[in-house]
Amino acid sequence: MTPTLTPLAHHPIVQAVADCAPSPNDAAGPCRAYLVGGAVRDFLLHGTVADDLDFCVLGGKGAAERLAKRVADVLDGRYVLLDVPAGRATPLF
């Protein structure tokens, strides 16, 4: 039996990422964010929902950094730029 994805879809971090992802009409350009990694594996195998979520962000230059800033602002956190050339950033809360 495959678990329903509802618990993941309603996770506050997932909702913040979905709400903050730029639309096609955004002046900075659109981006897409995909939930990846161990949280997906653990949910599919065990039905557990983690708070340590990883996202792959596809978009133009700086899309991951802009999205991390927006998510951190919405969740009253801050963000850390991890790798400037690769455009890796993470929000912390």
Kindly list the number of the only condition in (1) free of Cβ contacts under 8 Å to residues at least 40 places away in the same chain; (2) in contact with a Lys or Arg (Cβ under 6 Å, 6 or more places away or on another chain) that fails for Ala39. (2)
What residue, of Tyr79, Tyr34, is hydroxyl-bearing (Ser, Thr, Tyr), within 14 Å of the chain's Cα centre (by Cα) and at pLDDT 90 or above? Tyr34
If I ask for residues that are assigned to a helix (DSSP H, G or I), open to solvent by less than 50 Å² (accessible area, probe 1.4 Å) and farther than 16 Å from Val74 by Cβ, which ones from segment 1-26 would you list? Leu8
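The values are calculated or read from the model by the stated rules, or taken from the named source; none is laboratory data. Bear in mind that the values here come from a model prediction, so they are computed numbers and not experimental data. A quick note on method: Cβ atoms are made from the backbone with ideal geometry, for glycine too, and the neighbour counts reach across all protein chains shown. Accessible surface areas use protein heavy atoms only, side chains included; no ligands, DNA or RNA. Shrake-Rupley method; radii C 1.70, N 1.55, O 1.52, S 1.80 Å.
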